[in-house]
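Enquirer: Sharing a structure with you now.
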Amino acid sequence: MANDTAKQPLLSGFLDPAPQTNKKDAPKRRRLRRCRSAPLAEKVAMYLVMYLGVGTLCFYLVRNQIVGEKTDGVLDAVYFCIVTMTTVGYGDLVPSGVPTKLLACAFVFTGMALVGLVLTKAADYLVEKQEILLVKALHIGQTIGQTEIRKEIEINKVRYKCFVVFAFLLLLIVVGTIFLFAVEKLNLVDAFYCVCSTITTLGYGDKSFSTKAGRVFAIFWILSSTVCLAQLFLYVAELNTESRQRALVKWVLTRKVTTVDLEAADLDDDGVVGAAEFIIYKLKEMGKISQEDISLVMEEFEYLDVDQSGTLSASDIMLAQSSQRWK
């Protein structure tokens, strides 16, 4: 009976989760969690403006040491920043002096870091904003509530991200091709060729944006398309990992349980396996948690269990906190 009593607090959260959550407040908290990306978008905009502002000023001041097809001093400086930070590097504008080359080296590293660490988070935010529209589009003609939408997004989150980013990428490819054909006066094959060499950051340089209007367009299009392609590759890799994880979970849940499994799941060596022990064992098999995770949690539990009763109470927490305060 003592052993059952000790295990009861561990199981209460699994068997009766309702008291832990106020259902009326759950949707509200859910909406708040999905809005946490909003401050990140402001930081992204701030970092991008700072990078482009400093880069434009620096490259404008050394514009005489940049050779190639020039249009306007400020516009060329911003354009040069974009093709540098995205590593497209057409070669239509290149640094010629030693200070300019060193400056370009510094900006290419900071630009790559900005794209890799910040702008991809912005892409996540933009994708999240489109997930609800995508779910509604997939269930067009059906009545589907907000709860069902949120549940489906959680289940197929990575897959929907792939769909959204792929759709954005196709749109950017089409828009870029049409623009190069109409404004830069390239034929359709060369326009598509320039688009592909740009978004993959090959940047051969035989075809690029040479007009004022083209470079204004390129400032926004190059940044969006290169980040979009990088995100698509990231989501595809994540989707592949998730598929393998789901296959492992399915195998773990469908295979037959043996006495060897029971022995491995019996954490306290009492000859029987409780629900909590069984759940922990299955989670370990699925790769959700490791033995190190369990050990760390058990260390915290033993520290908080001041009276060493095998259970936690409010008095245990108060005693543990007071002892920590006196240290």
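Enquirer: Based on the alpha-carbon gyration tensor of region 243-312 and its eigenvalue square roots a ≥ b ≥ c, which shape applies: rounded if a/c is under 1.5, prolate if not and a/b is larger than b/c, or oblate? If you can, show how the numbers build up before the last one.
Expert: Details: a/c = 3.27, a/b = 1.65, b/c = 1.98.
Oblate, because a/c is 1.5 or more while a/b does not exceed b/c.
Enquirer: Then there is this: In nm, what is the difference between 0.36 nm times the number of residues separating Glu299 and Leu253 and their Cα-Cα distance? Let's see the in-between values first.
Expert: Values: separation 46, 0.36 × 46 = 16.56 nm, distance 2.88 nm.
Contour length minus the Cα-Cα distance gives 13.7 nm.
Enquirer: Would you mind working out the magnitude of the charge dipole of region 220-327 relative to its Cα centre, with +1 at each Lys and Arg C-beta and -1 at each Asp and Glu C-beta, to the nearest 20 Debye?
Expert: With Lys and Arg at +1 and Asp and Glu at -1, about 820 debye.
Enquirer: Let me ask something else about it. Please work out how much accessible surface Glu300 shows to a 1.4 Å probe, ignoring ligands, DNA and RNA, in Å² rounded to 10.
Expert: 110
Enquirer: Next question, about the same structure. Please compute the net charge surrounding Thr84, taking Lys and Arg as +1 and Asp and Glu as -1 over other residues with Cβ under 13 Å from its Cβ.
Expert: Working: positive: Lys101; negative: Asp76, Asp92.
With Lys, Arg at +1 and Asp, Glu at -1, the neighbours total -1.
Enquirer: Heads up, I need the accessible area for Glu299: 1.4 angstrom probe, whole protein in place, Å², nearest 10.
Expert: Looks like 110 Å² after rounding.
Enquirer: If you don't mind, there's one more thing I want to ask. What ranking of Leu188, Leu312, Leu48 comes out by heavy-atom accessible area, probe 1.4 Å, highest first?
Expert: On the way: Leu188 105, Leu312 70, Leu48 35 Å².
So, going from the largest accessible area down, we get Leu188, Leu312, Leu48.
Enquirer: Something else now. Using the Cα gyration tensor of region 180-327, with a ≥ b ≥ c the square roots of its eigenvalues, what is the shape: rounded (a/c below 1.5), prolate (a/b larger than b/c) or oblate (neither)? Please report the intermediate quantities before stating the final value.
Expert: Details: a/c = 6.56, a/b = 2.40, b/c = 2.73.
Oblate shape, in that a/c is at least 1.5 and b/c is the bigger or equal ratio.
Enquirer: Loop only by DSSP, 16 or fewer other Cβ within 10 Å of the Cβ. Give me the trypsin sites (Lys or Arg not before Pro) in region 184-218 that pass, ordered by residue number. Mind showing how you got there, number by number?
Expert: Working: sites: Lys185, Lys207, Lys212, Arg215; in loops: Lys185, Lys207.
When the trypsin sites (Lys or Arg not before Pro) of region 184-218 are filtered for loop state and at most 16 Cβ neighbours within 10 Å, Lys185 remain.
Enquirer: Counting Lys +1, Arg +1, Asp -1, Glu -1, what net charge surrounds Ala191 among other residues with beta carbon under 12 Å of its beta carbon?
Expert: With Lys, Arg at +1 and Asp, Glu at -1, the net is 0.
Enquirer: Related question: Leaving out ligands, DNA and RNA but keeping every protein chain, what accessible area does Arg246 have, in Å² rounded to the nearest 10, with a 1.4 Å probe?
Expert: Answer for Arg246: close to 100 Å² accessible.
Enquirer: With label points built 7 Å along Cα→Cβ from the Cα atoms of Ala320 and Arg159, find their separation and express it in nm.
Expert: Label-label distance for Ala320 and Arg159, simple model: 4.0 nm.
Enquirer: What FRET efficiency do you get for Leu57 and Phe233 if R0 is 35 Å and r is their Cβ-Cβ distance, rounded to the nearest 0.05?
Expert: Working: r = 33 Å, r/R0 = 0.95.
Rounded to the nearest 0.05, the efficiency is 0.60.
The values are calculated or read from the model by the stated rules, or taken from the named source; none is laboratory data. Remember, it's a predicted structure, so these values are computed and weren't measured experimentally. Cβ sites come from the backbone with ideal geometry, for glycine too, and all protein chains shown count toward neighbours. Side chains are part of the model used for accessible areas, which takes the heavy atoms of the whole protein and leaves out ligands, DNA and RNA. Shrake-Rupley method; radii C 1.70, N 1.55, O 1.52, S 1.80 Å.
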